[in-house]
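Participant: There's a structure below that I have some questions on.
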2 protein chains.
Amino acid sequence: MSKCAWVTLATNDSYSLGALVVAHSLRKVSTKHQLAVLITPGVTESMIEKLQDVFDVVQLVDVLDSKDSANLAVLKRPELGVTFTKLHCWNLIQFEKCVFLDADVLVLQNCDELFEREELSAAPDVGWPDCFNSGVFVFTPSVDTYGKMIQFAETSGSFDGGDQGLLNQYFSNWSTDGSKRLPFLYNTASTATYSYLPAFKKFNQEIKILHFIGETKPWSQHFDSSSKQVQTPPGYNHLQCFLQMWWDLFCDKVHPSLTQEMSGIAGAL
Amino acid sequence: MSKCAWVTLATNDSYSLGALVVAHSLRKVSTKHQLAVLITPGVTESMIEKLQDVFDVVQLVDVLDSKDSANLAVLKRPELGVTFTKLHCWNLIQFEKCVFLDADVLVLQNCDELFEREELSAAPDVGWPDCFNSGVFVFTPSVDTYGKMIQFAETSGSFDGGDQGLLNQYFSNWSTDGSKRLPFLYNTASTATYSYLPAFKKFNQEIKILHFIGETKPWSQHFDSSSKQVQTPPGYNHLQCFLQMWWDLFCDKVHPSLTQEMSGIAGAL
Ligand SMILES: O=c1ccn([C@@H]2O[C@H](COP(=O)(O)OP(=O)(O)O)[C@@H](O)[C@H]2O)c(=O)[nH]1
Ligand SMILES: O=c1ccn([C@@H]2O[C@H](COP(=O)(O)OP(=O)(O)O)[C@@H](O)[C@H]2O)c(=O)[nH]1
Ligand SMILES: [Mn+2]
Ligand SMILES: [Mn+2]
């Protein structure tokens with residue numbers, strides 16, 4: 001059995017739907033590594049059972065929260081303080097090497113080669129490309145590192161109030177150490193579909209991991225259950241095919257096993 | 001006299017106003033290098049005289065145009081075919097090393113250290129950060145390189161119809177050669193003010209060159225000539241201070257010497 005794992009996080013049932021799709025997208029591309037999900041008490045019992053069906057490890061952790069409302073307000077995403085909970089991934093010391101994936105990504109091609117990379121490898125953020133985006137990163141579990149990061153969080157805080165600001169401050173040499181920079185194809189921001197459309201058209205066949213950043217998550221889009229088509233928000237046409245892929249996987253692998261209550265969380269299903 | 005030069009481009013009188021501000025911003029930070037501007041027949045005689053007052057070299061070149069309306073339509077910027085004219089900068093062989101600057105940038109700190117970099121050094125593009133933005137780049141003038149690029153343009157075209165697509169295809173190893181990656185502070189996209197505001201707040205004192213990318217150019221903003229204040233478009237509040245800096249420089253150094261006709265091009269002045 002592999003000593004490496006893909007790790008994601010869900011603090012509630014809606015992000016758990018994302019986590020389930022992440023897991024199935026990894027199985028679909030035949031990863032040879034294990035799958036782990038961190039959950040908090042906000043995830044319901046019945047959802048935990050569904051997670052256990054596809055993840056090798058379902059790890060309950062406490063909520064860590066930056067409670068940094070000032071910086072989070074600047075980011076316009078008050079809910080992201082809870083992403084500090086991500087830091088618990090460093091405690092998964094049963095694994096030698098891990099790759100963290102946000103619950104709002106879709107793995108499109110096998111990326112097992114990422115486990116050959118060193119901590120902390122990540123791809124540039126489209127908002128400020130000398131920062132990395134913390135939706136996909138390679139790390140080495142270590143209780144020691146975890147402790148140092150918590151201490152760092154307490155003394156220095158996070159410049160954006162979320163995990164991304166904190167991780168960028170802690171791993172501050174990322175932008176100058178070229179070996180830690182993952183190609184953007186490993187964490188392609190969904191907004192790239194309209195911010196530089198010609199590049200998106202040129203490279204979209206090569207995308208390995210698509211990341212639905214921002215407030216518009218796949219599971220909150222309107223989905224027509226008779227036609228099986230997702231409705232894309234205005235201006236997001238070029239995202240249509242990726243949103244549809246997310247929903248196809250959801251309908252095929254996740255939805256059949258959900259209770260009515262659980263599936264009610266997603267779109268209009 | 002320095003064998004290095006800053007080079008910009010203006011194909012008409014409005015971009016010439018930008019070029020004039022670029023030149024004055026470079027003088028203000030006491031660059032020790034020369035200033036050159038490429039112009040095309042679209043620039044009027046009286047504007048050429050103003051350019052000659054501050055640039056060491058004013059070089060007339062022919063318009064090169066990608067005429068790639070399909071790709072430019074995807075980019076929603078039909079006017080950018082003309083940016084192929086930028087390629088002429090490689091013909092400035094009286095200089096040993098040059099840095100190209102778009103006419104819509106503002107140099108905030110001395111950046112003479114850029115001339116120690118190799119061709120082709122540039123900063124990541126916020127739309128697709130594995131491409132470089134072609135608004136600021138270090139290059140080595142060479143008639144040979146120029147010829148190869150023109151030939152390449154004819155056979156391969158440009159994936160975005162503009163100079164940025166072409167340059168990225170020609171210098172295709174940029175994203176894997178870390179030594180060619182300039183920090184984002186040398187070409188900070190003005191859109192970073194809202195796309196990742198906390199990062200912008202953290203780093204804005206360190207910005208060296210600000211680039212007003214997109215359709216909203218400083219000279220097309222509304223300016224109140226009695227209060228001397230620029231009016232920022234809705235949602236661009238965090239850009240206010242940079243737009244004001246552009247206008248302060250314009251009022252101080254450029255406007256007094258313009259004819260009434262010429263200054264009419266800029267804002268409501
Ligand atoms: O209420 C929340 C918010 C976030 N997350 C986790 O934290 C990640 C980062 O948040 P998000 O993806 O919403 O941020 P973005 O990528 O849009 O910046 C998510 O993918 C989830 O794994 C979560 O479990 N519950
Ligand atoms: O009609 C034009 C369009 C562009 N340019 C030159 O080409 C550069 C690139 O165009 P622009 O800055 O508008 O593109 P953006 O940075 O917004 O992508 C400009 O800064 C000018 O130097 C010009 O002289 N005339
Ligand atoms: Mn995310
Ligand atoms: Mn520009």
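The values are calculated or read from the model by the stated rules, or taken from the named source; none is laboratory data. Just so it is clear, the model here is predicted, and its values are computed rather than measured. Here the Cβ is made from the backbone with ideal geometry for all residues, glycine too, and neighbour counts use every protein chain on show. Ligands, DNA and RNA are stripped out before the accessible areas are found, and what is left, the full protein with its side chains, is counted by its heavy atoms. Shrake-Rupley method; radii C 1.70, N 1.55, O 1.52, S 1.80 Å.
Participant: If you go through the range B:8-25, how many residues are more than 15 Å from B:V82 (Cα to Cα), surrounded by 21 or more Cβ atoms within 10 Å (Cβ to Cβ) and of a type outside the set (S, T, N, Q)? Steps first, answer last, please.
Facilitator: Quick first cut of the range B:8-25, residues more than 15 Å from B:V82 (Cα to Cα) only: B:17-25.
This time we only want the ones that are surrounded by 21 or more Cβ atoms within 10 Å (Cβ to Cβ), so: B:17-23, B:25.
After this cut, where a residue has to be of a type outside the set (S, T, N, Q) as well, the list is B:17-23.
Residues that pass the stated criteria total 7.
So that you can scan it fast, the table gives a plain yes or no per residue for (1) surrounded by fewer than 24 Cβ atoms within 10 Å (Cβ to Cβ); (2) at pLDDT 95 or above; (3) within 14 Å of chain A (Cβ to nearest Cβ); (4) outside any strand (DSSP E or B):
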position: B:Q94; (1), (2), (3), (4): yes, yes, no, yes
position: B:L114; (1), (2), (3), (4): yes, yes, no, yes
position: B:W128; (1), (2), (3), (4): no, yes, yes, yes
position: B:D144; (1), (2), (3), (4): yes, yes, no, yes
position: B:Q151; (1), (2), (3), (4): yes, no, no, yes
position: B:T155; (1), (2), (3), (4): yes, no, no, yes
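Participant: Suppose we keep only residues that are more than 9 Å from ligand 2 (Cβ to nearest atom) and open to solvent by 70 Å² or more (accessible area, probe 1.4 Å) within the range B:205-219. Which one would you say is farthest from the other protein chains (Cβ to nearest Cβ)?
Facilitator: Taking the candidates together, the pick is B:Q205.
Participant: Tally up the residues in the range A:1-48 that are under 14 Å from A:D102 (Cβ atoms) and among the hydroxyl-bearing types (S, T, Y), please.
Facilitator: Final tally of qualifying residues: 6.
Participant: Would you call A:S190 within 16 Å of ligand 4 (Cβ to nearest atom), of a type outside the set (A, V, I, L, M) and within 25 Å of A:Q164 (Cβ to Cβ)? Full working, then the answer.
Facilitator: Details: within 16 Å of ligand 4 (Cβ to nearest atom): no; of a type outside the set (A, V, I, L, M): yes; within 25 Å of A:Q164 (Cβ to Cβ): yes.
So A:S190 fails the test.
Participant: Additional query: Collect the residues in the range A:119-144 that are over 14 Å from A:D163 (Cβ atoms) and free of Cβ contacts under 8 Å to residues at least 60 places away in the same chain, keeping them in residue-number order.
Facilitator: Kept after step one, since they are over 14 Å from A:D163 (Cβ atoms), are these residues of the range A:119-144: A:119, A:121, A:123-124, A:126-130, A:138, A:140-144.
Hits for the range A:119-144 are A:E119, A:G127, A:W128, A:P129, A:D130, A:V138, A:T140, A:P141, A:S142, A:V143, A:D144.
Participant: Consider B:Y196 against the criteria (1) at the interface with another protein chain (Cβ under 8 Å from one of its Cβ atoms); (2) surrounded by fewer than 23 Cβ atoms within 10 Å (Cβ to Cβ); (3) within 16 Å of ligand 1 (Cβ to nearest atom): it satisfies all of them except one. Which criterion is unmet?
Facilitator: Of the numbered conditions (1) at the interface with another protein chain (Cβ under 8 Å from one of its Cβ atoms); (2) surrounded by fewer than 23 Cβ atoms within 10 Å (Cβ to Cβ); (3) within 16 Å of ligand 1 (Cβ to nearest atom), the odd one out for B:Y196 is (2).
Participant: Could you tell me how many of the residues in the range B:130-142 are within 14 Å of chain A (Cβ to nearest Cβ) and open to solvent by less than 10 Å² (accessible area, probe 1.4 Å)? So that I can check it myself, show each step before the final result.
Facilitator: We begin by selecting, within the range B:130-142, every residue within 14 Å of chain A (Cβ to nearest Cβ); these are B:130-136.
The next check asks that each one be open to solvent by less than 10 Å² (accessible area, probe 1.4 Å); those that pass are B:131-132, B:134-136.
Of the residues in that region, 5 qualify.
Participant: Looking at the range B:191-204, is at least one residue within 16 Å of ligand 2 (Cβ to nearest atom), closer than 30 Å to A:L185 by Cβ, over 19 Å from the mean Cα position of the chain (by Cα) and touching a residue at least 60 places away in the same chain (Cβ under 8 Å)?
Facilitator: yes
Participant: Given the structure, is A:K76 more than 24 Å from A:W247 (Cβ to Cβ), within 14 Å of ligand 1 (Cβ to nearest atom) and without any contact (Cβ under 8 Å) to a residue 24 or more places away in the chain? Before you say what the answer is, go through the steps one by one.
Facilitator: On the way: more than 24 Å from A:W247 (Cβ to Cβ): yes; within 14 Å of ligand 1 (Cβ to nearest atom): yes; without any contact (Cβ under 8 Å) to a residue 24 or more places away in the chain: yes.
Against the criterion (more than 24 Å from A:W247 (Cβ to Cβ), within 14 Å of ligand 1 (Cβ to nearest atom) and without any contact (Cβ under 8 Å) to a residue 24 or more places away in the chain), A:K76 qualifies.
Participant: Given the condition within 13 Å of chain A (Cβ to nearest Cβ), in contact (Cβ under 8 Å) with a residue 40 or more places away in the chain and assigned to a helix (DSSP H, G or I), answer yes or no: does some residue in the range B:255-267 qualify?
Facilitator: no
Participant: Can you name every residue in the range B:26-81 that is of a type in the set (V, I, T) and under 26 Å from B:L210 (Cα atoms)? Even if it seems obvious, please write down each step before you answer.
Facilitator: Restricting attention to the range B:26-81, the residues satisfying the condition of being of a type in the set (V, I, T) are B:29, B:31, B:37, B:39-40, B:43-44, B:48, B:54, B:57-58, B:61, B:63, B:74.
Scanning the range B:26-81 gives B:V29, B:T31, B:V37, B:I39, B:T40, B:V43, B:I48, B:V54, B:V57, B:V58, B:V74.
Participant: Moving on. Select from the range A:92-119 the residues that are within 16 Å of ligand 1 (Cβ to nearest atom) and within 17 Å of A:V143 (Cβ to Cβ) and list them in ascending order. Lay out the reasoning, then the answer.
Facilitator: Going residue by residue through the range A:92-119, those that are within 16 Å of ligand 1 (Cβ to nearest atom) are A:92, A:98-107.
The answer is A:L92, A:C98, A:F100.
Participant: Of all residues in the range B:184-216 being assigned to a loop (DSSP other than H, G, I, E, B) and touching a helix residue (DSSP H, G or I) at 6+ places or on another chain (Cβ under 7 Å), which is nearest to ligand 3 (Cβ to nearest atom)? Can you show your working first?
Facilitator: At the first step, the residues of the range B:184-216 found to be assigned to a loop (DSSP other than H, G, I, E, B) are B:187, B:190-191, B:196, B:207-208, B:212-216.
So of that shortlist, the ones also touching a helix residue (DSSP H, G or I) at 6+ places or on another chain (Cβ under 7 Å) come out as B:190, B:207-208, B:212.
Values: B:S190: 25, B:I207: 27, B:K208: 30, B:F212: 29 Å.
Once the filter is applied, the top-ranked residue is B:S190.
Participant: Any chance you could count how many residues in the range A:170-189 are open to solvent by 10 Å² or more (accessible area, probe 1.4 Å) and either in contact with a strand residue (DSSP E or B) (Cβ under 9 Å, 6 or more places away or on another chain) or within 9 Å of chain B (Cβ to nearest Cβ) (or both)? Before the answer, list the steps.
Facilitator: In the first step, residues of the range A:170-189 are kept if they are open to solvent by 10 Å² or more (accessible area, probe 1.4 Å); the result is A:170-173, A:175-181, A:183, A:185-186.
In the following step, the residues that additionally are either in contact with a strand residue (DSSP E or B) (Cβ under 9 Å, 6 or more places away or on another chain) or within 9 Å of chain B (Cβ to nearest Cβ) (or both) were identified as A:171, A:175-181, A:183, A:185-186.
Within the range A:170-189, residues that are open to solvent by 10 Å² or more (accessible area, probe 1.4 Å) and either in contact with a strand residue (DSSP E or B) (Cβ under 9 Å, 6 or more places away or on another chain) or within 9 Å of chain B (Cβ to nearest Cβ) (or both) number 11.
Participant: Considering every residue within the range B:68-77, establish whether at least one is among the charged types (D, E, K, R) and on the phi > 0 side of the Ramachandran plot. Lay out the reasoning, then the answer.
Facilitator: Pass one, the range B:68-77, residues among the charged types (D, E, K, R): B:68, B:76-77.
This time we only want the ones that are on the phi > 0 side of the Ramachandran plot, so: B:76.
So far as the range B:68-77 goes, yes, one or more of its residues are among the charged types (D, E, K, R) and on the phi > 0 side of the Ramachandran plot.
Participant: Looking at this structure, is A:L166 within 15 Å of ligand 1 (Cβ to nearest atom), away from chain B (no Cβ under 11 Å) and under 23 Å from B:D125 (Cβ atoms)? Spell out the reasoning first.
Facilitator: Values: within 15 Å of ligand 1 (Cβ to nearest atom): yes; away from chain B (no Cβ under 11 Å): yes; under 23 Å from B:D125 (Cβ atoms): no.
Here the answer is no, as A:L166 does not meet what is asked.
Participant: Another question, then. When you go through (1) open to solvent by 20 Å² or more (accessible area, probe 1.4 Å); (2) more than 30 Å from A:T44 (Cα to Cα) one by one for A:Q231, which number turns out not to apply?
Facilitator: Result: A:Q231 passes all but (2).
Participant: Cβ-Cβ below 7 Å, separation at least six or inter-chain, first residue in the range A:28-47 and away from chain B (no Cβ under 14 Å), second within 16 Å of ligand 4 (Cβ to nearest atom) and open to solvent by 20 Å² or more (accessible area, probe 1.4 Å): which pairs?
Facilitator: If the second residue must be within 16 Å of ligand 4 (Cβ to nearest atom) and open to solvent by 20 Å² or more (accessible area, probe 1.4 Å), no pairs are left.
Participant: Can you give me the number of residues within the range A:59-92 that are out of contact with any Asp or Glu (no Cβ under 8 Å at 6 or more places or on another chain) and open to solvent by 40 Å² or more (accessible area, probe 1.4 Å)?
Facilitator: Summing the residues that are out of contact with any Asp or Glu (no Cβ under 8 Å at 6 or more places or on another chain) and open to solvent by 40 Å² or more (accessible area, probe 1.4 Å) in the range A:59-92 gives 13.
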